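The values are calculated or read from the model by the stated rules, or taken from the named source; none is laboratory data. Keep in mind that this is a model prediction, so the values were computed, not measured. Note: ideal-geometry Cβ built from the backbone for every residue, glycine included; neighbour counts use all protein chains shown. What goes into the accessible areas is simple: the full protein's heavy atoms, side chains included, and nothing from ligands, DNA or RNA. Shrake-Rupley method; radii C 1.70, N 1.55, O 1.52, S 1.80 Å.
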Amino acid sequence: MEGGSAASTPAALPYYVAFSQLLGLTLVAMTGAWLGLYRGGIAWESDLQFNAHPLCMVIGLVFLQGDALLVYRVFRNEAKRTTKVLHGLLHVFALVIALVGLVAVFDYHRKKGYADLYSLHSWCGILVFGLYFVQGQVQ
């Protein structure tokens, strides 16, 4: 590393991180508002159980996963062990919340008597979830 320290932070990084957090929270809020205003809300033991699926996927696979990826950039001056633990915890939370979303959709289909994995969306979703899980195991 010539000409600078390894832990220097680009001047615009705080603004990029703030923008990404604002964008992520806006996406979560808009998904929640869409589900609440136009889809009837979210409930586990009713026809609204399916609505937990998009909210959980947005929170887990978009917002929390994005935060997990930013940890090493944002906390570059912290102890490596601390950032690794935070990175891992965010990935675990993202995986658990996404799993709740998958359980919601499969349980809803079972209760309604619908077939599972009948669309390209469902197959791509299973592939993404599987790759996300395997990727976490390889690290």
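Among the listed residues THR31, THR26, which satisfies the condition of being farther than 30 Å from LYS111 by Cα, in a helix (DSSP H, G or I), modelled with pLDDT of 95 or more and not aliphatic (A, V, I, L, M)?
Going through THR31, THR26 in turn, just one is farther than 30 Å from LYS111 by Cα, in a helix (DSSP H, G or I), modelled with pLDDT of 95 or more and not aliphatic (A, V, I, L, M): THR26.
Mind listing whichever residues of the range 64-88 are in contact (Cβ under 8 Å) with a residue 24 or more places away in the chain, in a helix (DSSP H, G or I) and open to solvent by less than 80 Å² (accessible area, probe 1.4 Å)?
Answer for the range 64-88, where residues must be in contact (Cβ under 8 Å) with a residue 24 or more places away in the chain, in a helix (DSSP H, G or I) and open to solvent by less than 80 Å² (accessible area, probe 1.4 Å): LEU64, GLN65, GLY66, ASP67, ALA68, LEU70, VAL74.
Mind checking which pairs have a first residue in the range 1-21 that is modelled with pLDDT of 90 or more and surrounded by 11 or more Cβ atoms within 10 Å (Cβ to Cβ) and a second that is among the β-branched types (Val, Ile, Thr) and not in a loop (DSSP other than H, G, I, E, B), Cβ under 8 Å, 6 or more apart or different chains?
Here the result reads VAL17/VAL74, each pair linking the range 1-21 to a residue that is among the β-branched types (Val, Ile, Thr) and not in a loop (DSSP other than H, G, I, E, B).
Can you pull out the residues in the range 22-43 that are of a type in the set (Phe, Trp, Tyr) and surrounded by 13 or more Cβ atoms within 10 Å (Cβ to Cβ)?
Hit for the range 22-43 is TRP34, nothing else.
Residues of the range 107-134 being assigned to a helix (DSSP H, G or I) and open to solvent by less than 70 Å² (accessible area, probe 1.4 Å), which ones?
Once the filter is applied, which keeps residues that are assigned to a helix (DSSP H, G or I) and open to solvent by less than 70 Å² (accessible area, probe 1.4 Å), the range 107-134 yields ASP107, TYR108, HIS109, SER122, CYS124, GLY125, ILE126, PHE129, GLY130, TYR132.
From (1) closer than 24 Å to LEU13 by Cβ; (2) surrounded by 16 or more Cβ atoms within 10 Å (Cβ to Cβ), pick out the condition that doesn't hold for LEU102.
The failed condition is (1).
Going by what's in this entry, would VAL92 be described as closer than 30 Å to TYR15 by Cα, at pLDDT 95 or above and within 13 Å of the chain's Cα centre (by Cα)?
no
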